[in-house]
Amino acid sequence: MPLPAHKRFSATTPPPVVHVRGRSFMALALAPEPPLAAWFVELDEHLAGTAGLFANRPMVVDLSLAAEEGRDAVLILLDGLESRGFRIIGLEGAPPELLEHTHWERLPTQLYGREAPTPVNAPLPRTGSQLIDGPVRSGQSVVFEAGDVVIVGAVASGAEVIAGGSVHIYGALRGRAIAGIRAGAEARIFCSRMEAEMVGVDRLYRTAENWGASLQGRAVQVRSDRGALRLSALD
Amino acid sequence: MSKVMVVTSGKGGVGKTTSSAALGAALAQAGQSVVLVDFDVGLRNLDLILGAERRVVFDLVNVVQGDAKLPQALIRDKRVETLHLLPASQTRDKDALTAEGVERVIGELRERFDWIVCDSPAGIEKGATLAMRHADLAVVVANPEVSSVRDSDRIIGMLDSKTRRAEAGEKMEKHLLLTRYDAGRAARGEMMKVEDVLEILAIPLLGVVSESPDVLTASNLGFPVTLHNPAAPAARAYSLAARKLLGEEVRAEPAGKRGLMSRLFGRRAAA
């Protein structure tokens, strides 16, 4: 009996396998408000203070407020954002006919995302490190990309600390800590009591079941050593 | 000066409603005027525990939405006359509450009562956040087990960020009430110890209430445990906690104290 058409090839050579992987990433969301000229002045001032932080970042633009200004204004707005180095990957809040027959038409307008976790209330530092004077509770997220994070208190199970540089915890680490988002392999994690769920430095990470029980409850440092994550006791 | 106190936990079934009723009744027995506000719209329970389920006409949702005046909805307890209940609605859901409406009702209650005890629903959604929104202090109820403790930790984080006080940069007073504690099992390592929970949550301890059949018996009869059997260890723990809330310096009784006979025969303490 002949094989059905779609199976004939597989009898001799295995077909190539197509891998589809999911990926999630953080996109910035901007919602320009009329009057747009004044809004751009604000934006430029903001950008001047955070040089390079937004360059080449994926960006979703919410047009629900700006759409009232009409099609021409929206086109100038989008060009203005692009000329500042933003990579616009999606649009929200605009009626579909607004951008018909423009090169923005191809951008997705149905985006299923959620707002990023609310950061812990802490004043933004002037120096290159952020100090949290107290415990980080379950469900809270401390994200500081510009440098080190210092925590005087415990990091609870289900809480996370993400730093551009190193993470210093004067207390028990029971949740997750990720160091080196900016600094890379130079960054380290220090904690005075290791009970973590996960630690990571520079794209390497390990969950608790992958390190020895001998480190549990001790003062520990975590670093990236020639492409591998190394945990060692400090006491 | 009136105080708004939220009784909250994150996790369900740990004893929020029982504790709200017992603490509220104990405060009222100490001469304070108290109102218990049931925020668990859709799953109201506080009326049953106070034995007032057949007296509910108007409820919190009616008052929030302006369909009834506050005095019409308040139910005065028949045993302790300074204790009142503002029941929740059983036929609505949490979306029936609005932030402005709740703020207005809490404001009106502040003019009438010394203590406004808000019994929070489980979870971290709208009902729970509205219950804690206007609180001056919080009683965080936890059981000595890891899931309850982690959920309580999450709630403490929300108390420190989502309440009116926190947003104004003021300090939010928080107290831990550990319920369903069994000293024997904790000693044998089958349950978290008081110290373990305190170490993780890092807030002051208001009291430890031992696991006890008295609590369920009282609830089923429609009595807060402090009214049903004031001599029961659980009732004493709640009364002690209420005295602490009133600012008295009290020394805690050891949880799950065992009598001579039960020690001799190695049986679990009766309460």
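Please treat every number below as a calculation from the coordinates, not as lab data. Computed from a predicted structure; not experimentally measured. Here the Cβ positions follow ideal geometry from the backbone for every residue, glycine too, while neighbour counts run over all protein chains shown.
Distant-in-sequence amide contacts of A:Ser64, defined by a placed amide H-H separation under 5 Å and a gap of 5 or more residues or a different chain, comprise nothing.
Relative to the longest principal axis of the C-alpha atoms of chain B, give the angle of the C-alpha long axis of helix B:146-159, reported between 0 and 90° and rounded to the nearest 10°. Taking Cα atoms only, the helix is inclined about 40 degrees.
With each label modelled as a point 7 angstrom along the Cα→C-beta vector, the A:Leu131-B:Ser33 pair spans 4.7 nm. Between B:Glu190 and B:Gln65, the simple spin-label model (points 7 angstrom out along Cα→Cβ) gives 4.8 nm. In order along segment A:78-94, phi translates into HN-Hα couplings of 5, 4, x, 5, 5, 5, 8, x, 6, 9, 7, 10, x, 10, 10, x, 9 Hz, rounded to whole numbers, per the Karplus curve 6.51 cos²θ - 1.76 cosθ + 1.60 with θ = phi - 60° and x for Gly and Pro.
Taking the three principal axes of the alpha carbon atoms in segment B:1-106, the coordinate ranges are 34, 32, 31 Å, sorted in descending order.
The length gained by stretching the chain between A:Ile89 and A:Ala38 to full extension, at 0.36 nm per residue less their Cα-Cα distance, is 16.0 nm.
Working note: Karplus 6.51/-1.76/1.60 with θ = phi - 60° gives segment B:114-130 the couplings 6, 10, 10, 9, 9, 8, 7, x, 5, x, 10, 8, 3, x, 5, 5, 5 Hz, where Gly and Pro are set to x.
Two numbers describe the Cα atoms of segment B:91-224: Rg and Dmax, which are 16.6, 50 Å. Taking Lys and Arg as +1 and Asp and Glu as -1, the other residues whose beta-carbon sits under 12 Å from that of B:Val35 total -2.
Taking the C-alpha atoms only, the angle from helix B:233-245 to the longest principal axis of chain B is near 60 degrees.
Placing +1 on the Cβ of every Lys and Arg and -1 on the Cβ of every Asp and Glu, with nothing else charged, gives the protein assembly as shown a dipole about its Cα centre of roughly 2300 debye.
Extension gain for the segment A:Thr102 to A:Glu82, taken as residue separation times 0.36 nm less the Cα-Cα distance, is 5.7 nm to one decimal. Mean partner shielding of peptide B:144-154, defined as the number of other chain Cβ atoms within 10 Å of each residue Cβ, is 4. The calculated FRET efficiency for A:Gln221 paired with B:Val146, based on their beta-carbon distance and R0 = 25 Å, is about 0.40. In this calculation the C-beta distance from A:Ala228 to A:Val20 is compared with R0 = 41 Å, giving a FRET efficiency of 0.90.
Between 0 and 90 degrees, the angle of helix B:16-29 with respect to the longest Cα principal axis of chain B falls at about 80 degrees.
Every helix of 4 or more DSSP H residues in chain B counts as -39500 (n - 2.57), and over all residues that averages to -11000 deg cm²/dmol at 222 nm. Amide H contacts of B:Asp182 (H built 1.01 Å from N, in plane; Pro and chain starts excluded): B:Glu211 sit under 5 Å, all sequence-distant by 5 or more or on other chains. Between amide H atoms placed 1.01 Å from N, distances below 5 Å from A:Ile162 occur with A:Val142, A:Val143, A:Phe144, A:Ile178, all of them 5 or more places distant or on a separate chain.
The calculated FRET efficiency for the pair A:Gln110 and B:Ala231, based on their C-beta separation and a Förster distance of 41 Å, comes to about 0.05. Kirkwood radius for the protein assembly as shown, taken over all pairs of different Cα atoms as the inverse mean of 1/r, rounds to 26.7 Å. Ordering of B:68-76, B:214-222 by packing is B:214-222, B:68-76, highest average first (other Cβ atoms within 10 Å, averaged per residue). The Cβ shell under 15 Å around B:Ile75 holds other residues with a net charge of +1, Lys and Arg each +1, Asp and Glu each -1. Take every pair of alpha-carbon atoms less than 8 Å apart whose residues are at least six positions apart; their mean separation over the length of segment A:54-102 yields a relative contact order of 56 percent. Taking 0.36 nm per residue of sequence separation and removing the Cα-Cα distance, the A:Val152/A:Arg203 pair yields an extension gain of 15.8 nm.
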